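Q: To start, I am sharing the structure in question, which I have written as structure tokens.
The values are calculated or read from the model by the stated rules, or taken from the named source; none is laboratory data. Please read all numbers here as calculations on a predicted model, not as lab measurements. Note: ideal-geometry Cβ built from the backbone for every residue, glycine included; neighbour counts use all protein chains shown.
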Amino acid sequence: MPIASLLLFAASLQDAVPPPPPTAQAKPVLAPPAPLATPNERVGKFVPDASGVALDGAQRAWRSARGERLTVLALTSVECPLSRKFGPAIARLEAEYASRGVKFVHVNVSGLDSPEAMSEQSAELKLAGLYLADAGAIANALDALTTTEVFVVDGGNTLRYRGAVSDQYGAGFAHDEPRNRYLADALDALLDGREPHVRATHAPGCAIERDTDARPRASAPTFAREVSRIVQAHCQDCHRTGGVAPFAFEGYESVAKRATTIAAVLEDGSMPPWFAAPVHSSDGVRLDGPWSNERALTSEDKRLLLEWIEAGKPRGDESELPLPRTSGSDGWTIGAPDAVYRLPEPIAIKAEGTMRYQIVLVPTRLEQDTWVSATQILPTDRSVVHHVLVFTLPEAAIEDRELRRRAAIDETSGFFAAYVPGNDACEFPPEFAKRLPARSALMFQIHYTPNGKATTDQLALGLRFAKQPPRHAVHTYGISNTRFAIPAGASRHEVKAQTPLPYDARLLAFMPHMHMRGAAFRYELQSGPDAARTLLLDIPRYDFNWQLRYALANPIDAPRGALVHATAWFDNSNANPANPDPTRTVRWGEQTFDEMMIGYVEYYLPGEDPAKPLVGAPDDKARRAPSFADLLQRFDANRDGVLTLDESPAKLQREFQRLDRDGDGKLTSADF
């Protein structure tokens, strides 16, 4: 998915309704592509020549391939995800402007890419210009910051433009088309004898690492002793060979060469991805949260990493290195699956822009209900898979289009399995399992994000079956509001939903779901209509790129009749760089340019015998449609024998007016 090393912001715990987030003070490597109010001081100044190693192994100066009128120095990296996304656009611009006296020189500033990988990148993009591997001389001459910057130099060796190719891509977002074509506009203006309207922009990408003369202090943290273990514990779930991240952190060089980027994402909270508001003690010390899968760094770990970078990245004694991590066989971290359900055909992923959700149904061929103790979704190309949700439908829906339409995905009813980068597997504790109904079909809803290279993916769902029926059945339910309208330009639009609990329950985990305009989310528990609310999960800054599951270390008791509240805030303004269109009113819809408001809750019912599921439990809907008595038992919060619109679940809300035959705003047994 996605741009794993440059996403998201830190959060802080707030007691009241969260105010609009402050303007992000992003580091230049993370800031969205946008004009700089004050152009960089080097714009308009002399650019010295500098050399790198060409693909044929020869040392070459960039000026040896200068253009007749203008030269574009396009920085790049094979592994940087944003460099990959902008690659096709740079190749098109190179071909388009060649006949107008503009030459492109491609400068790889990674310091880690192999000659073979650079040659492959040049060949795949059909780059015609000189391709140089830079050891630092060219980047230093340009005072370059990131791997996506482009520099336009005129025939007099004067820098005329520096910054982004366009604003199509950034840290955490992608658009079908750019709104501003900064490089093309600058080239057109200069070729016409005009000054570019925009002379410099931010260019988000991976930071270019600078050599440092700092001498390690004797007491400074070392890679071998401290840093390697922090990286192993908090980064290598994603940043490993075969992992979802665009590059691996496996060895000193791979970490030290990205130290500036690491510092940037640590300081703004982008990495590691974890957005639950932290809990602090009265003296400001960050405490462990209630989560069993928390990824956030402790204050001490963050301090050690930043001290290591500041001290010059000392390597340390290699005898102190930890043992390397090992990964599961064939990518399966849950162990060898008992069943694997793969998409029947590979799905073609285009190189650029965005893609609509892909919906694929796969039959299970199971003749009896089966208990599942672990799930894992394994893509064949992780780099383009943003997230996946898997739902269960009757197997007949595969052939019966009308049945598929009627039963089709009701995301508000909960999901069976999920995938997000770095969180592709779910293993339930002993004595817990999820029911997979007999004769069901698995509906895969897949969100792909093109990354600059056309590819295919044929992901699979692996299941490990429980050896015996569980003591507790795991359920997933979505608290949702489908009847919202987010006004055009609204920067902090609030949407609320709630659900009453028909039984005593124990809450296990939460997973909020919104789309590109999602800004914040909050769960609260209220034991009764007049009781105070207890905060369950607060996410002051939500990011669509990470559909994280927040698993509780200890289940939370939620008594029968209690209300679970979900509140979401949306940013439909121009200030949201991921916003597909801030000029339109946004409503519920499946695609990412629409919106959703769902607060998934994972729970179990202490009084339930898994062999005889209670009426109203999510699994029950796979067997029959609920009666009005079932609905009352589950949703009638005040026990008055009728259902109001506010009490009704999302699916019933959509049918409420049709079912309310007498128009009194209440559903009764007579209406049914």
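Q: If you check residue 365 against the conditions, is it modelled with pLDDT of 80 or more, loosely packed, with under 14 Cβ neighbours inside 10 Å and not acidic (Asp, Glu)?
A: So residue 365 passes the test.
Q: Considering only the stretch 651-661, I want to know if a residue exists there that is at pLDDT 80 or above, over 30 Å from residue 167 (Cβ atoms) and hydrophobic (A, V, I, L, M, F, W, C).
A: Within the stretch 651-661 (the criterion being at pLDDT 80 or above, over 30 Å from residue 167 (Cβ atoms) and hydrophobic (A, V, I, L, M, F, W, C)), the answer is no, since none of the residues qualifies.
Q: Would you tally the residues in the stretch 232-248 being buried (at least 22 other Cβ atoms within 10 Å of the Cβ) and of a type in the set (A, V, I, L, M, F, W, C)?
A: Looking only at that region, the number is 4.
Q: Identify, by number, the condition in (1) outside any helix (DSSP H, G or I); (2) in contact with a Ser or Thr (Cβ under 8 Å, 6 or more places away or on another chain); (3) touching a residue at least 60 places away in the same chain (Cβ under 8 Å) that residue 83 doesn't meet.
A: The number of the failed condition is (1).
Q: Next up: Closer than 30 Å to residue 363 by Cβ and in contact (Cβ under 8 Å) with a residue 60 or more places away in the chain, is that true of residue 460?
A: Here the answer is yes, as residue 460 does meet what is asked.
Q: Moving to a separate point now. Can you name the condition, by its number, that residue 203 falls short on among (1) out of contact with any helix residue (DSSP H, G or I) (no Cβ under 8 Å at 6 or more places or on another chain); (2) farther than 22 Å from residue 88 by Cα; (3) assigned to a loop (DSSP other than H, G, I, E, B); (4) hydrophobic (A, V, I, L, M, F, W, C)?
A: (2)
Q: Which fully enclosed strands (runs of 3 or more DSSP E) of the stretch 339-401 have 1 or more residues being of a type outside the set (Phe, Trp, Tyr) and closer than 30 Å to residue 467 by Cβ?
A: Correct list: 339-342, 358-363, 370-378, 385-394.
Q: Can you pull out the helices (runs of 4 or more DSSP H) entirely within the stretch 217-296 that have at least 3 residues that are more than 22 Å from residue 82 (Cβ to Cβ), at pLDDT below 80 and of a type in the set (Asp, Glu)?
A: none
Q: Select, from 460, 485, the only residue that is farther than 30 Å from residue 86 by Cβ, surrounded by fewer than 22 Cβ atoms within 10 Å (Cβ to Cβ), in the same structural domain as residue 358 (by TED's automatic domain parsing) and at pLDDT 90 or above.
A: 460
Q: Still on this model: Residue check: is residue 611 loosely packed, with under 15 Cβ neighbours inside 10 Å, farther than 21 Å from residue 494 by Cβ and in contact with a Ser or Thr (Cβ under 6 Å, 6 or more places away or on another chain)?
A: Judged against the criteria, residue 611 is not a match.
Q: Another question, then. Just to verify a result, which residue in the stretch 477-529, among those that are of a type in the set (Phe, Trp, Tyr) and assigned to a strand (DSSP E or B), is nearest to residue 574 (Cα to Cα)?
A: Among residues in the stretch 477-529 that are of a type in the set (Phe, Trp, Tyr) and assigned to a strand (DSSP E or B), the one nearest to residue 574 (Cα to Cα) is 521.
Matching residues to (1) among the small types (Gly, Ala, Ser); (2) buried (at least 18 other Cβ atoms within 10 Å of the Cβ); (3) not assigned by TED's automatic domain parsing to the domain that holds residue 265:
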| residue | (1), (2), (3) |
| --- | --- |
| 162 | no, yes, yes |
| 167 | no, yes, yes |
| 170 | yes, yes, yes |
| 173 | no, yes, yes |
| 177 | no, no, yes |
| 185 | no, no, yes |
| 196 | no, yes, yes |
| 199 | no, yes, yes |
| 203 | yes, yes, yes |
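Q: Out of curiosity, is residue 104 modelled with pLDDT of 95 or more and either under 32 Å from the mean Cα position of the chain (by Cα) or among the small types (Gly, Ala, Ser) (or both)?
A: Criteria not met by residue 104.
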